[in-house]
Amino acid sequence: MTKPRLHVNVDHVATLRQARREAFPDPVEWALAAEAAGAQGITCHLRKDRRHIQDDDVQRLRERITTLLNLETSLDPEMLDLACKSHAQAFCLVPENRQEITTEGGLDVVAEAARLREAIPRLKEAGGVVSIFIDPDLRQLDMAMELGAPFVELHTGAYAHASGPAQTAALERLARAAAHAAQIGLRVNAGHGLDYQNTTKVAALPQVEELNIGFAIVARSVFVGVARAIGEMGKLLA
Ligand code: PXP
């Protein structure tokens, strides 16, 4: 078992910048500091409402980071077109709802099968590795496989927000989903809501290749700086 790669989501550095519509703090500079501290990939989500990451950020990240850019995108035609032009090395298809504070659930690949059947080959053609952000549900995994996605990113939010026996049950669900995914030939990433308390058990799932973590690391960096925030999380993945 190798430890998963740490991919860091920089959306909430942009959230802080957009709170004042200033030029700082710059998510690109933060991403470079994260890479220098050991982040193995940078993730961002260009939302249709542009609440945090802006179009220009995606381009600047792609030009300046030296690991890889994982761009989260919805199936909205405008966003998909932008993703295809972004030259990102990885894409994660996510659901998007304008009212939500953050991505709330996984993408329903069964309901969205028709749009995914078009989107996945387009994104592959654009040169990126494709994953679909889904709940740890076996039927969703089977459909993701059928649609030709090489990767899924398992939504860890239900686990992250639970406690006690409910959290243990949610972890078991993630473990079953990860094992099923590997058995049917899907590769597995995971993320959402992971923090300095709950990450270790997800990182220990043997099939998980990459964790996408944003909010907790950005929040911690306010107190201890980017290098320490990344370093502390990196140790939890070991
Ligand atoms: N993975 C996906 C697909 C997401 O949409 C998000 C949130 O943007 C994350 C991971 C990171 O979640 P968090 O910011 O809670 O760590």
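Protein-only accessible surface at a 1.4 angstrom probe places the residues Thr43, Thr200, Thr66 in the order Thr66, Thr200, Thr43, largest first. Packing order of peptides 28-34, 56-62, highest average first: 28-34, 56-62 (average count of other Cβ atoms within 10 Å over each peptide's residues). With a cut-off of 19 Å, note down the residues of the stretch 220-236 whose backbone N falls inside the zone around a label point 7 Å from the Cα of Asp195 toward its beta carbon. Residues 220-226, 228-236 qualify, since their backbone N sits under 19 Å from the label point.
Quick note on the chain: its Rg to Rh ratio, both from C-alpha atoms and Rh being the Kirkwood radius, is 0.94. Using the average count of surrounding beta-carbon atoms within 10 Å as a protection proxy, the listed peptides 85-96, 70-81 rank, highest first, as 85-96, 70-81.
Taking all Cα-Cα distances within the stretch 90-193, those exceeding 22 Å account for 28%. On the chain, 54 percent of the accessible area sits on carbon and sulfur atoms, based on a 1.4 Å probe. Say the cut-off is 23 Å between C-alpha atoms; which of Lys48/Lys85; Lys201/Lys235; Lys3/Lys124; Lys3/Lys85; Lys48/Lys235 go over it? Beyond 23 Å between Cα atoms: Lys3/Lys124; Lys3/Lys85; Lys48/Lys235. Put simply, the amide H of Arg47, placed in the peptide plane, has neighbours under 5 Å in His52, Ile53, leaving out anything fewer than 5 places away on its chain. Mean residue ellipticity, 222 nm, helices only, the chain: the sum of -39500 (n - 2.57) across DSSP H runs of n ≥ 4, divided by residue count and rounded to 500, is -14000 deg cm²/dmol. Taking Ser221, Ser163, Ser131 in turn, the Gaussian network model of the chain (Cα-Cα springs below 10 Å) assigns the largest fluctuation to Ser163.
Distant-in-sequence amide contacts of Glu209, defined by a placed amide H-H separation under 5 Å and a gap of 5 or more residues or a different chain, comprise Val188, Asn189. Solvent-accessible area per residue in the stretch 152-196 equals 42 Å², computed with a 1.4 angstrom probe and all protein chains kept.
For the listed peptides 170-178, 13-21, a ranking on the average number of other beta carbons within 10 Å per residue, highest first, reads 170-178, 13-21.
Close amide H pairs (under 5 Å, H built 1.01 Å from N) link Cys92 with Leu71, Glu72, Thr73, Ser131, residues at least 5 positions away or on another chain.
With contacts taken as Cα pairs under 8 Å at a separation of at least 6 residues, the chain carries a relative contact order of 20 percent. Potential lengthening of the chain between Asn97 and Ala166 amounts to 22.2 nm, from the contour at 0.36 nm per residue minus the alpha-carbon distance. Computed with a 1.4 Å probe over protein heavy atoms only, the accessible surface of the stretch 4-85 comes to 42 Å² per residue.
The values are calculated or read from the model by the stated rules, or taken from the named source; none is laboratory data. For clarity, every value in this text was computed on a predicted model and none was experimentally measured. All Cβ positions, even for glycine, are placed from backbone atoms using ideal geometry, and neighbour counts span all protein chains on display. These accessible areas exclude ligands, DNA and RNA; they are computed on the full protein's heavy atoms, side chains included. Shrake-Rupley method; radii C 1.70, N 1.55, O 1.52, S 1.80 Å.
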